[in-house]
1. Can you find a residue in the stretch 103-124 that is buried (at least 23 other Cβ atoms within 10 Å of the Cβ) and in a helix (DSSP H, G or I)?
2. LEU352: over 15 Å from the mean Cα position of the chain (by Cα) and surrounded by 13 or more Cβ atoms within 10 Å (Cβ to Cβ), yes or no?
3. Mind listing whichever residues of the stretch 74-99 are within 17 Å of MET130 (Cα to Cα), assigned to a loop (DSSP other than H, G, I, E, B) and charged (D, E, K, R)?
4. Considering each of LEU337, LEU343 in turn, give the residue that is in a helix (DSSP H, G or I), aliphatic (A, V, I, L, M), modelled with pLDDT of 95 or more and farther than 23 Å from PRO291 by Cα.
5. Restricting to the stretch 173-186, name every residue that is more than 15 Å from GLU108 (Cβ to Cβ) and either assigned to a helix (DSSP H, G or I) or under 17 Å from the mean Cα position of the chain (by Cα) (or both).
6. In this structure, is LEU114 of a type outside the set (S, T, N, Q) and under 18 Å from the mean Cα position of the chain (by Cα)?
7. Looking only at the stretch 281-288, decide whether some residue is touching a helix residue (DSSP H, G or I) at 6+ places or on another chain (Cβ under 7 Å), surrounded by fewer than 24 Cβ atoms within 10 Å (Cβ to Cβ), among the β-branched types (Val, Ile, Thr) and in contact (Cβ under 8 Å) with a residue 24 or more places away in the chain.
8. Give all pairs with beta carbons closer than 7 Å in which a residue from the stretch 317-343 that is free of Cβ contacts under 8 Å to residues at least 60 places away in the same chain meets a residue that is surrounded by fewer than 11 Cβ atoms within 10 Å (Cβ to Cβ); count only pairs at least 6 apart in sequence or on separate chains.
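The values are calculated or read from the model by the stated rules, or taken from the named source; none is laboratory data. Because the structure is predicted, anything quoted here is derived from the model rather than measured. Here Cβ is always computed from backbone atoms with ideal geometry, including for glycine, and neighbour counts include all displayed protein chains.
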Amino acid sequence: MSTAREIMMEFADLTGLPPAGKIPRRYLWTDAFGVCNFLELFRQTGDEEYKHLALRLVDQVHQVLGRHREDDPRSGWISGLSEEEGKRHPTIGGLRIGKGMRERNPGETYDEYLEWDRDGQYYHYLTKWMHALNRVSRVTGNPAYNAWAIEMAKTAHARFTYLPSPGSRKRMYWKMSIDLSRSLVPSMGQHDPLDGLITYEQLQATAAGNDQKTAWQDLGSEIADMAGICEGKTWDTNDPLGIGGLLSDAYKVAQLSLDRRSGRHDLLMTLLESSLRGLEYFARTSPLMSPVDYRLAFRELGLSIGLRSVQRLQGWVERNPGLFGKRHPVHPKIESLRRYTRLAEEIETFWLDPSNEESGAWKAHREINMVMLATSLAPDGYLSLSTQG
């Protein structure tokens, strides 16, 4: 844990989190993991400073990514709300990615490579932030954070999903403009509807324990929509980040089955099967043998985070025999996955080597690499849906 703590304090300093007067540099995906990591450090040490850092990071993200860029002729909250209303509902307009370049203007020629560096909104980044807000709500007991996550979920769902034609199945845009008025990349991310389904159910489960919840916090129709989009989809991927995401999702689905009672056992099995096929391919092709400059740390670390969930999933299943009996097919699947868990330590050891952190591959994505390495080393703040880790 000491290494994770050192990494996160360096990250805080690099991105302008703790010191007054430093211009903050915020990026939504990275910061979502960062919030979870600070919460885990708080859980493990009891040191209130880590909780304060998590809450400060949330506030900074909302103040920076919930507002228009400094180089944009528009100003104020991207939701269009007044200053005071925007503070009360900082996520209702979604949140910017935090990319270095301005978004593509209407009518401007699309450049596939340049688009990666342009700002806008990604649905799969928004779900990561919803998850982070949910974790804050669970750890602090403050329902406002989960309410902000639900506001974001409702807006994102309304803007990112669409009907291609009457009577057809809904689809999703992969990337939208900062104000969510137009699509920037119309294709659908393979796992975006899966992220939405699981995240919505997570927010719904937390809201169910809030005696002061209101009718607008119900995500039933959005969950039904996502279930429809997910129906018949395949989740198989050979991308290490994608495989890790499937493993993390499987653990979330298992945890949510306790809240839901009915659970989604079929989805759990599908995720485990897809993860296993992905891991078999990954091990067969041996990408971890590649030279450092041909490797992307954050993608590999996404896999190691997912692999860290396998042992936790096994323990959770064994502690809940009423949901998963001894003959349930989940058990042999987990045993098969356990054969690959050694890869997590191999990935972490490689990227903890100072010589590898001096490579161009590491430095090009330094901050996202740092927080995901810290998550892999201390994963419960991100992986657990409870307050106990």
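1. yes
2. yes
3. Listed by number, the list holds a single entry, ARG96.
4. Values: LEU343 fails: farther than 23 Å from PRO291 by Cα.
Being in a helix (DSSP H, G or I), aliphatic (A, V, I, L, M), modelled with pLDDT of 95 or more and farther than 23 Å from PRO291 by Cα holds for just one of LEU337, LEU343, which is LEU337.
5. TRP174, the sole residue that qualifies.
6. no
7. no
8. Sorted first by the residue in the stretch 317-343, then by its partner, the list stays empty.
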